[in-house]
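Data block below; observations after.
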Amino acid sequence: MRKNIVAGNWKMNTTVPEGIALAKAVAAKAAEVPAEVGLVVAPPFTHLCAVAEALKGSPVGLSAQNCADKTKGAYTGEVSVDMLVSTGCQYTILGHSERRQYYGETDEKLVEKTKLALAAGLKVILCVGENLEEREAGKHFDVVKAQTENVLYNFTAEDMANVIVAYEPVWAIGTGKTATAEQAEEIHACIRKVLAAKFGQTVADDTTILYGGSCKPSNAKELFAQPDIDGGLIGGAALKADDFIQIALSF
């Protein structure tokens, strides 16, 4: 059975002291959330050790927002998977739309990052999703299908036990446009069908697929009621502990 997960991507927000305070607030409220709902926070790299300490003894998982596609060496500014593991990380987000859009991350590079992350024992939250131009051109299914296949078809059914997929309708993030629960569900169902074609229905049914398009307390319940939406990759609402926990209580 796949697990419901609510993961908070803090992006480039909070100082280290602010991040510690936020992590402690989330950890303090985590007991309100049923055990079958997993909580994960993804602070900036600079915060990971301090946030790991703040989360000690709580059920809240720790994720990085990215990782390098190399193991070590002369790659100034990069952070390796072994470095992440040494901080206490259990997850890393890969392929976020902002990484694809602003930093030119390709599916090929994501394959390398995913290989390294899985080999290091990290769980991968792989992001896929179409932009506004692709949505308006009716290419959204094709784009998401291609992104999913291009990365995950390089892995095994066993690998998929440590992969979570996050669907981001890029056109609904910070644009004033909103994806309906039905629009989100049809893409989630598409992703599950793509996984079933490669790995079989059991693996597809066991894979957690998160919604990552402006999920907040006001729309989480409707989104999470959809049969193929297993939680959220939360942006802005994850920066307030009360909102983040409220989303997690929306199942």
From Glu182, Glu149, Glu112, grab the single residue that is within 25 Å of Val40 (Cα to Cα), acidic (Asp, Glu) and either over 15 Å from the mean Cα position of the chain (by Cα) or in a strand (DSSP E or B) (or both). Glu112
Matching residues, the range 189-204, being under 18 Å from the mean Cα position of the chain (by Cα) and farther than 15 Å from Leu152 by Cβ: Ala189
Among the residues of the range 117-146, write down those that are outside any helix (DSSP H, G or I), of a type in the set (D, E, K, R) and surrounded by fewer than 19 Cβ atoms within 10 Å (Cβ to Cβ). Lys139
Going through the range 139-196 one residue at a time, which ones are over 27 Å from Leu122 (Cα atoms), in contact with a Leu (Cβ under 6 Å, 6 or more places away or on another chain) and among the charged types (D, E, K, R)? none
Pairs needed: first member in the range 135-155, more than 11 Å from Val111 (Cα to Cα); second member anywhere, of a type in the set (A, V, I, L, M, F, W, C) and modelled with pLDDT of 95 or more; C-beta distance under 6 Å; at least 6 residues apart or different chains. Phe141/Cys190; Val144/Val128; Val144/Ile187; Lys145/Val194
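Across the range 21-54, what is the number of residues that are of a type in the set (Lys, Arg) and closer than 26 Å to Met1 by Cβ?
The number of residues fulfilling the criteria is 1.
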Starting from residues that are surrounded by fewer than 21 Cβ atoms within 10 Å (Cβ to Cβ) and over 13 Å from Tyr167 (Cα atoms), keep the ones in the range 178-198 and report whichever is modelled with the lowest pLDDT. Thr178
Within the range 45-79, take every residue that is farther than 22 Å from Thr14 by Cα and of a type in the set (S, T, N, Q) and give me the one that is surrounded by the fewest Cβ atoms within 10 Å (Cβ to Cβ). Thr76
Could you figure out which of (1) out of contact with any helix residue (DSSP H, G or I) (no Cβ under 6 Å at 6 or more places or on another chain); (2) free of Cβ contacts under 8 Å to residues at least 60 places away in the same chain isn't true of Ala30? (2)
Is there any pair linking a residue in the range 182-193 that is within 13 Å of Ala225 (Cα to Cα) to one that is assigned to a helix (DSSP H, G or I), with Cβ under 7 Å and at least six apart or on different chains, and which? Ala184/Leu223
One residue is enough: does the range 178-192 have a residue meeting the conditions of a type in the set (A, V, I, L, M) and within 14 Å of Arg2 (Cα to Cα)? no
Ala166 - would you say it is closer than 18 Å to Gly235 by Cβ, in contact with a Cys (Cβ under 7 Å, 6 or more places away or on another chain), of a type outside the set (Asp, Glu) and not in a helix (DSSP H, G or I)? yes
Does the range 57-66 contain at least one residue that is out of contact with any strand residue (DSSP E or B) (no Cβ under 8 Å at 6 or more places or on another chain), at pLDDT 95 or above and outside any helix (DSSP H, G or I)? yes
Filter the range 185-215 down to the residues that are assigned to a loop (DSSP other than H, G, I, E, B) and among the hydroxyl-bearing types (Ser, Thr, Tyr), then identify the one that is farthest from Leu233 (Cα to Cα). Thr207
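The values are calculated or read from the model by the stated rules, or taken from the named source; none is laboratory data. Keep in mind that this is a model prediction, so the values were computed, not measured. Every residue, glycine among them, receives a Cβ derived from its backbone with ideal geometry; neighbour counts consider all protein chains shown.
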